[in-house]
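**Q** One structure coming up, written as structure tokens, with questions to follow.
Quick note: the coordinates plus some simple rules give every number you see, no bench work behind them. This one's a predicted model, so the numbers in the text were calculated from it and none came from an experiment. Here Cβ is always computed from backbone atoms with ideal geometry, including for glycine, and neighbour counts include all displayed protein chains.
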């Protein structure tokens, strides 16, 4: 049956909202507008730095939200002895890459703010996996840890000012330029080899954790490694979980676990998240936070197959049929589960499964599969 | 059925060299060597589908997932900054992005420098790193003519042998960045076809090492 109004994004949104609600996350509804100043102060946190702004009646510069997390953090309680678990589904407005036009993107996600312990991280990662599973069985959650990467960079003496450039190359898996950059910065050969090896590790989660543990012994603190290992070894699904240190984020905002979710057939990550304690600090908060967002526009674009027909039946009538006769025929067809477009003339460029014509209350099939 | 790996090759001489590397790496598709106007070639047994695209479009095909991997010049990657993995420097198609000007050019730091280029992003980033105020004049071709006609003070463009510059009385005054062909991969494809992609990278890396 052709369902012109069927929206795959909406059905996934419904599953995700129910998933987050089941785990005690409460729905967070926010204003469409936010003070522009919030984004101006945290521009690097935004995926696209262009924001739609306007001045309200009081002369205040407002913006259409390009991001949800910043607003949630701004309005959250700053208490490290409690835990707020929130989920949202909101439209955000971002400049699309290449076209330089703004796009409205439906985003659903969750945030966990306050006393974030290992279980919270485990739960958020599990919910990220389940969110991907709700979209497609063929998914991968790639997890990395910025704390580990930061400690490695500290240990091999990458200067502070060059760490963003190093992380950029790590994010590209660009080992050839990474080697040259590090050598130019005076990093020793062992340090370069360590980072290259870390980026090349792949395989089953338990094997990767073992190799990573051996590789980073004495390089990364025991606390960081223990948290990394205990959380990831507790997570289910070997095939769908990749430990991949090329998943990075801005070190001025993220500090611990960072992750991205991929679904086969969709060319970019459609889930993105991490621990953003540095953002919390930057916003004067003492509590910790972790969260993720799912970008539903990607699902609409790539998973939803174009419908073959606009409508199942086009029913043409003329003035030889009475209103009840036309109405009853439409009712009969829709009761049988078919969508019907009725009218006295055939609309241009419409794809229909069946063209029916009613004359004197009698219906004939004129054409099929047009 | 074996999942196919979609590979975008840059049309032209560089693309032919690159295909030869894929073939040596164990991913042949003999039909590609037939002299015809076809753009897509498939070898189901080897699990590869090649297609020829305009060199400057390879990165778009890969970023958007129409191709799982491809070969693009570093100039294109720096200009468009696609969100992809850059897995290997193939060390072929070598040239450099350079600043060139008329022989008698003197840089007056007191005025805005007019820069003609096809590579606006690269030029902007380069002069930003130098702290130099510039006015970008975006052109689509025949960049060398801009300083001659007084349209710009300098140009930022690819220099291979330098012949075109010499013939137009221009000289290189600075190198922005060395350029060569890079093997790139779509980030999502790498998650699902990573083993095949890694095999290609490792085989091609051996060829690069041998050729150096």
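**Q** For the range A:46-93, what does the alpha-carbon gyration tensor say about shape, rounded, prolate or oblate, given a ≥ b ≥ c as the root eigenvalues, a/c under 1.5 as rounded, and a/b over b/c as prolate?
**A** prolate
**Q** Any idea what the relative contact order of chain A is, in percent, if you count C-alpha pairs under 8 Å spaced at least 6 apart?
**A** It rounds to 18 percent for chain A.
**Q** Additional query: Which distance in Å, rounded to a whole number, links the C-alpha centroids of the range A:224-254 and the range A:79-154?
**A** 13 Å
**Q** Does anyone have the angle between helix A:205-215 and the longest principal axis of chain A? Alpha-carbon axes, 0 to 90°, nearest 10?
**A** Between helix and principal axis, roughly 20 degrees.
**Q** Do you know the relative contact order of chain B, to the nearest whole percent, from alpha carbon pairs under 8 angstrom that are 6+ apart?
**A** It rounds to 27 percent for chain B.
**Q** A further question follows. Which number do you get for Rg(Cα) / (2.2 N^0.38 Å) in the range B:87-199?
**A** 1.31
**Q** While we're here: To make sure I understand, if each residue's beta carbon is the centre and we count other beta carbons within 10 Å, what order do A:297, A:318, A:160 fall in, fewest to most?
**A** A:160, A:318, A:297
**Q** Continuing with the same structure: With N set to the number of residues, divide the alpha-carbon radius of gyration of the protein assembly as shown by 2.2 N^0.38 Å and report two decimals.
**A** 1.14
**Q** Can you give the angle from 0 to 90° between the axis of helix A:118-135 and the longest principal axis of chain A, with both taken from C-alpha atoms, to the nearest 10?
**A** 30 degrees
**Q** Given the rule -39500 (n - 2.57) for each run of at least 4 DSSP H residues, summed and divided by the residues of chain B, what is its mean residue ellipticity at 222 nm, to the nearest 500 deg cm²/dmol?
**A** Per the formula, -9500 deg cm²/dmol.
**Q** Which peptide among A:10-17, B:180-187, A:200-207 comes first, and what is the full order, when sorted by highest mean count of other Cβ atoms within 10 Å?
**A** B:180-187, A:10-17, A:200-207
**Q** Could you state the number of Å between the C-alpha centres of the range B:165-180 and the range B:84-130?
**A** 9 Å
**Q** Here is a further query. Between helix A:146-155 and chain A, what is the angle of the helix's C-alpha long axis to the longest principal axis, kept within 0 to 90° and rounded to the nearest 10?
**A** Relative to chain A, helix A:146-155 is tipped by roughly 30 degrees.
**Q** Hey, another quick one. Based solely on its DSSP helices, what 222 nm [θ] is calculated for chain A when runs of n ≥ 4 H residues each add -39,500 (n - 2.57) and the sum is averaged over all residues, nearest 500 deg cm²/dmol?
**A** My calculation for chain A gives -11000 deg cm²/dmol from helical runs alone.
**Q** Continuing with the same structure: How many Cβ atoms of partner chains, on average, are near each residue of B:187-197 if near means within 10 Å of its Cβ?
**A** 6
**Q** What distance in nm separates the two pseudo spin-label positions at residue B:94 and residue A:101, each 7 Å out from Cα along the beta-carbon direction?
**A** For the pair residue B:94/residue A:101, the computed spacing is 4.4 nm.
**Q** Same structure, new question: Listing B:27, B:105 from the residue with the fewest other Cβ atoms within 10 Å to the one with the most, what is the order?
**A** B:105, B:27
**Q** I've got another one for you. Summarise the partner chain shielding of A:168-178 as one whole number: the mean count of Cβ atoms from other chains within 10 Å of each residue's Cβ.
**A** 5
**Q** Whole Å is fine, so just give me how far the alpha carbon centre of the range B:141-156 lies from that of the range B:1-53.
**A** 38 Å
**Q** Okay, next question. Just subtract the alpha-carbon distance of residue A:282 and residue A:17 from 0.36 nm times their residue separation and send over the number in nm, one decimal.
**A** This chain segment gains 92.4 nm when fully extended.
**Q** So how far apart, in nm, are the two label points at residue A:190 and residue A:33 if each is 7 Å from Cα heading toward Cβ?
**A** 6.0 nm
**Q** Give the order of A:132, A:141 when sorted by the count of other beta carbons within 10 angstrom, beginning with the fewest.
**A** By the 10 Å Cβ count, ascending: A:132, A:141.
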